[in-house]
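Contents: one structure, followed by commentary.
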Amino acid sequence: MISLQHIHRDFRVGDQIVHALDDVDLDIAAGEYVSVMGPSGSGKSTLLNLIGLLDRASAGRYLLEGEDVTVLDDDRQAWIRNRRIGFVFQAFHLVPRLTAAENVELPLLLAGVPPAERGKRAAAALRAMGLSDRAGHRPDQLSGGQRQRVAIARATVTEPAVLLADEPTGNLDQHAGQGVIEVLEALNARGITLIVVTHDSAIGGRARRRVRMLDGRIVADEAEADRAPA
Amino acid sequence: MRLHSSDVVRFAWGALRGYPTRSVLMLIAMAIGVAAVVMLTALGEGARRYVSNEFASLGTHLLIVIPGRSETGGVSPGTFMGETPRDLTLDDARSLTRSPGVRRVAPMMVGSANVGWRGRERETVVLGGTHDMLAIRHWRMAQGRFLPRTDFDLATPVCVIGATIRREIFGASRALGSWLRIGDRRFRVIGVLASEGRSIGVDVQETVIIPVASAQQLFDRASLFRILVEARSRADMEPARRFIVATLRERHQGEEDVTVITQDAVLATFDRILGALTYAVGGIAAISLAVAGILIMNVMLVAVSQRTAEIGLLKALGATARQILSLILAEALLLSAVGALTGLLLGELGSLAVRHAFPTLPAWPPWWAVSASAGVALLTGLLFSLLPARRAARLDPVLALSRR
Ligand SMILES: Nc1ncnc2c1ncn2[C@@H]1O[C@H](COP(=O)(O)OP(=O)(O)OP(=O)(O)O)[C@@H](O)[C@H]1O
Ligand SMILES: [Mg+2]
């Protein structure tokens, strides 16, 4: 599914070079549930952005569903982001002037899906999040937990293979965060590959596979196949 | 991946409505620019048409023969001797009819006299003319007929009066057939002119027209005020002018002592000057459109940086650089289009107000100004939003999304 081989990502800051990712190797199979933890600045977001094709590696190979995506042009990468990858951000990133349903429709709009079909699929995605009655609400009329669930509906409306979540509970209280994690785990249970970056060890510990990063390297990678999601 | 154009428009429209203040400001700037072009060119064009119409009422293909040589630097022997130039006579006028390029000749006298009828009296301009004057001057009759077609020498006691004279002297009574006293003679009223504008400073409505031979007797004078000559066509004007000059020189013992003015030449000059003025005024107004364009660029740049996160998000959701570009350009184009439309409406309303306030000024905006201002508005909107749109399309999604 996902295969990172000797991935480097360097940033030049002034005349200093920061190794945000330093020779990372990582293989993730379809349907896995992976959490990425580590101290601030260890390269977690950089890793996730790279997997999500928002960023390009400085060196190394990245195979996504068997295809070498490091050599693809921008438009082709955009296409893969649209169809195969879903993002969930800490800051939700909903467009404030659009309703929940319109926000969920955005990826379909970019894909050129006709309006009627878009509406049906967005409604279904919102229903799956238990938000049917909030479809016409704008983000500022929703609670934090509801906003993040709208964002998850948007990330899953194109039925992607991979769901990438960077601190999805970072802006939420304990209770709302719990709800969001349960929604993500339910999606994983139905087959989507789920990668969650988090600071919260309670949340990170729920994943069947836990990756630990430090200074741009993977320092621990433990799997507990027998641990079922709570 | 192709966006549906209806989606592009709807998304752009939503974005504009999401930031009403900046949208309305840009719209106003655009509208003012377009309205300025439309209104100012309407004024310029109105002035040009006004002058054209005034001249056209004098008659087309018209040559005016004036006694005396009024060429700059033209010094004739007579000037030194203190002589007045030789008079123009009815025979001079008659000699001018003998050219194939000349259609009509109308000798003309002007004077003023007291006119009266049954105790009502006033002083007025009296024109001495002939039958052809009606056609040359493009006058129309309200009642009766114009002067009869007779020889220039025949002093028939008939007159044609203007509408004001008819009203002031005859009031509700019937003017046609009445005997009007002009000076110490009596003339039968055979026609009333339809009320019309003015020519060479004389209000047609306030004149009385009598046969030129009668005017000679009335004013006890043989010399003509001028001779109006109508050429058959525009091409005949120059030959006609040469013919007039040559004929009169021959008749006046080889002395060139008349001036021939062609109306077309004067009109063409005015037309050129006023046309250039319209272009200039339109051009100056177009500068305000360019200013609006720069404002659009500024505002779109702010809009892009304001919406960095949104653009980053669209990229994360799979938008290509071209899609981002078209969304931002659509926004600017939509705004320019609405601004241009508002401006056209304002400009037309303004022109309407001008026409209402000054009914004589045909202040219609010329079609080229309307289409050019709308076109320039759209073009500046597009051009000046290219930079912001490209900046948006090139945004690094990671940076865009991490900025809060
Ligand atoms: N655009 C950039 N330019 C320069 N340096 C960068 C850039 N993005 C990230 N870095 C650096 O790369 C390193 C890893 O950053 P990253 O954002 O991946 O950390 P993180 O593990 O997600 O941290 P946090 O838990 O605080 O989100 C940091 O040292 C950071 O300063
Ligand atoms: Mg991070």
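The values are calculated or read from the model by the stated rules, or taken from the named source; none is laboratory data. Owing to the predicted nature of the structure, the values given are computational and were not obtained by experimental measurement. Neighbour counts run over all protein chains shown; Cβ positions are idealised from the backbone, glycine included. Note: areas computed on protein heavy atoms with side chains; ligands, DNA, RNA excluded. Shrake-Rupley method; radii C 1.70, N 1.55, O 1.52, S 1.80 Å.
Structure notes:
- Within chain A, antiparallel bridges make up roughly 55 percent of the DSSP beta bridges whose residues both belong there.
- 10 Å Cβ neighbours from other chains, averaged over peptide A:82-95: 4
- Longest stretch of chain B clear of exposed loop sites (GluC sites (Glu not before Pro), DSSP loop, at most 14 other Cβ atoms within 10 Å, sites excluded): B:84-255.
- Relative contact order of chain B: 30 percent, from C-alpha pairs under 8 Å at least 6 residues apart in sequence.
- Over region B:86-256: Kirkwood hydrodynamic radius from C-alpha pairwise inverse distances, Å: 16.6 Å
- Springs between Cα atoms under 10 Å define the GNM used for chain A, and in it the highest mean-square fluctuation of A:V183, A:V88, A:V113 occurs at A:V113.
- Between region A:35-60 and region A:129-193, the alpha-carbon centres lie 21 Å apart.
- Percent accessible area from carbon and sulfur atoms, region B:86-256, protein chains only, probe 1.4 Å: 45 percent
- Contact order for region A:85-154, expressed relative to its length and based on alpha carbon pairs under 8 Å spaced 6+ residues apart, stands at 49 percent.
- Accessible area buried, both sides summed, chains A and B with 1.4 Å probe, Å²: 2300 Å²
- Total formal charge among the other residues, if their Cβ is under 9 angstrom from that of B:W179, Lys/Arg +1 and Asp/Glu -1: +3
- Candidate membrane-span-like segments in chain B, meaning DSSP H helices with Cα atoms spread over at least 30 Å of their own axis and a Kyte-Doolittle mean of 0.0 or above, are B:20-56, B:263-306, B:321-357, B:367-393, with no membrane implied.
- Mean separation of Cα contacts under 8 Å, 6 or more apart, over the residue count of region B:86-256: relative contact order %: 33 percent
- Each helix, a run of at least 4 DSSP H residues, gives -39500 (n - 2.57); summed and divided by the residues of chain A, these come to -10000 deg cm²/dmol at 222 nm.
- Rounded to the nearest 500, the 222 nm mean residue ellipticity of chain B from helices alone is -18000 deg cm²/dmol, with -39,500 (n - 2.57) taken per DSSP H run of at least 4 residues.
- Long-range amide H partners of A:L214 with built H, under 5 Å: A:V219
- Accessible surface, region B:225-377, averaged per residue in Å² (probe 1.4 Å): 46 Å²
- Whether region B:1-56 is rounded, prolate or oblate, judged on the alpha carbon gyration tensor where a/c under 1.5 counts as rounded: oblate
- For residues of A:141-153, the mean tally of beta carbons on other chains within 10 Å: 0
- Sorted peptide list for A:128-137, A:208-217, criterion being average Cβ within 10 angstrom, highest first: A:208-217, A:128-137
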